[in-house]
Amino acid sequence: MRLNAPTAKCLTVGLFAALLLAGCGGSAPVPRTVASPPSAQSEQLGSSAPTALPDQLPEQEANDKDGRAEIVVALMLPLSGADEAVGQALLRAATMALFDAYDPSLRLLPLDTEGDPTIAEVRAAQAIEAGASIVLGPLLSSNVRAVADTLNDAEIPMLGFTNDSAAAGPGRFIMGFLPEAEVKRVVDYAVSTGHENFGALLPMGRYGERIRTAFGDTIALSGAQVEAIESYPPDPDALFEPVKRLARYDERRDDVRREVRFLRALRDDLTEEIANDLEDAEVMEGVEFDAVLVPEGGALMRTLAPLLPFYEIDPNRVKLLGTGLWNDEGLLGEPPLQGAWFAAPDPAAPQGFLDRYAETYGEAAPRIATLSYDAMSLVALLARTEEPLAPASDGIIPNQPAATRFSAENFLRPEGFSGLDGLFRFLPDGTTERSLAILEVNRRGFQVIDPAPAEFPSFGYALKN
């Protein structure tokens with residue numbers, strides 16, 4: 001959907017009924033508080049249960065019954081351009097969440113950024129002119145940065161979909177899955193299971209530097225040791241040398257040759273026999289590390305994986321570790337990855353939503369569609385917040401205005417929220433902390449071997465592994 005002016009129509013609950021395909025029977029639950037231990041109650045953002053799409057509800061009648069003012073929710077996405085497919089999917093997910101919440105006071109205003117920071121700035125101004133109380137998106141880090149000052153000046157909070165922690169800030173929350181958190185979770189788990197010496201094979205560029213920093217910090221706090229780190233370019237033909245260096249393959253191969261020469265020089269029948277056996281070996285001993293982090297995904301990971309055993313990094317002796325980029329069924333058939341671990345949300349948690357999306361739209365949702373659903377569900381949840389600032393002079397307790405409902409205090413609830421991807425909470429710096437599971441790769445799928453923690457500790461304390 002292309003929007004060129006703020007006067008374009010907003011999407012409403014009633015309009016969704018006409019736009020979406022009718023699904024299964026039963027009504028969708030609205031966001032609610034789920035039962036949790038008193039120390040860690042969290043808000044439930046939605047349900048992945050099949051949703052019946054009812055007939056259009058007269059909007060004025062709904063607002064009369066509800067008695068609340070209209071809340072405009074701007075949704076800034078690349079609805080055209082290179083990232084159009086992802087942007088359209090995120091729009092669909094947001095409409096599903098809004099329909100599931102079924103709050104007639106909410107108006108969704110889609111704004112096409114085209115993936116361009118300059119256009120994103122224009123759309124931010126349009127959102128302000130349209131009276132938006134909150135902005136969902138943008139998707140790209142460059143777009144989030146471009147609109148940050150404009151929205152901050154207007155005191156409009158933003159829930160961006162990027163995973164770039166540098167784009168976050170006060171009132172500028174990002175919902176993407178942070179690789180730093182995934183690295184910490186999987187490395188901490190590996191240490192807890194007895195691994196002490198680590199290697200890492202990291203991509204070049206800013207993403208790789210973020211991983212390097214998180215990896216080093218986690219290792220330092222854990223008491224483990226970093227034995228080797230190598231970086232590689234995003235070129236499948238240039239991966240051999242970095243893996244060879246990580247494995248110290250040439251040095252280990254030279255060790256074999258020197259040992260063979262030494263044994264033959266002894267001119268002894270026994271040592272000659274040992275030399276003959278050793279000569280057939282590629283290397284004489286294993287690598288210095290017993291776990292190695294490879295935070296890559298997709299086709300590049302499928303190229304990297306077989307290079308590890310090729311250069312004598314034995315997956316039977318060295319535990320391979322990854323990030324959420326491994327949450328890709330295309331990696332299940334890679335022999336070196338069998339038994340490897342990575343940190344990610346429990347893949348079973350959002351499956352109901354993903355199935356419902358596919359049934360409704362006839363195609364699979366991109367994995368990050370859950371971010372848009374959860375963001376819209378969170379808005380619907382906070383829109384129903386009834387705690388007032390103070391009673392009126394006549395003793396009547398009014399509803400909170402939208403600006404109060406979407407205050408930093410409401411987003412920064414230490415107990416967090418429970419969404420499609422599990423428990424999450426926003427931190428004061430604008431980043432998101434998530435409760436992650438440890439998954440093991442096998443040919444049957446991704447198996448949860450260490451569940452995501454069921455509650456958050458107090459701020460300032462790490463999640464237990």
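One quarter of the surface of the convex hull around the alpha-carbon atoms of region 280-339 equals 4.2 nm², the direction-averaged projected area.
A DSSP coil position with no more than 16 other Cβ atoms inside 10 Å describes the following GluC sites (Glu not before Pro) in region 127-220: E155, E196.
Sum up the charges of everything whose Cβ sits under 12 Å from the Cβ of A74, counting Lys and Arg as +1 and Asp and Glu as -1, but leave A74 out. Neighbourhood net charge equals 0.
Over all other residues within a Cβ to Cβ distance under 15 Å of G223, the charged ones net out to -4, with Lys and Arg as +1 and Asp and Glu as -1. Between amide H atoms placed 1.01 Å from N, distances below 5 Å from V287 occur with D314, all of them 5 or more places distant or on a separate chain.
For L412, neighbours were defined as the other residues whose beta-carbon sits under 12 Å from its Cβ, and their charges (Lys and Arg +1, Asp and Glu -1) total -2. Geometric descriptor of region 163-204, per residue, is 94 Å³ (volume of the convex hull of the Cα atoms). In units of the compact-protein estimate 2.2 N^0.38 Å, region 408-453 shows a Cα radius of gyration of 1.46.
All of the numbers you see were taken from the coordinates with simple rules; none came from a lab. Computed from a predicted model, the values in this text were never measured in an experiment. Cβ atoms come from the backbone with ideal geometry, glycine included; neighbour counts cover every protein chain shown.
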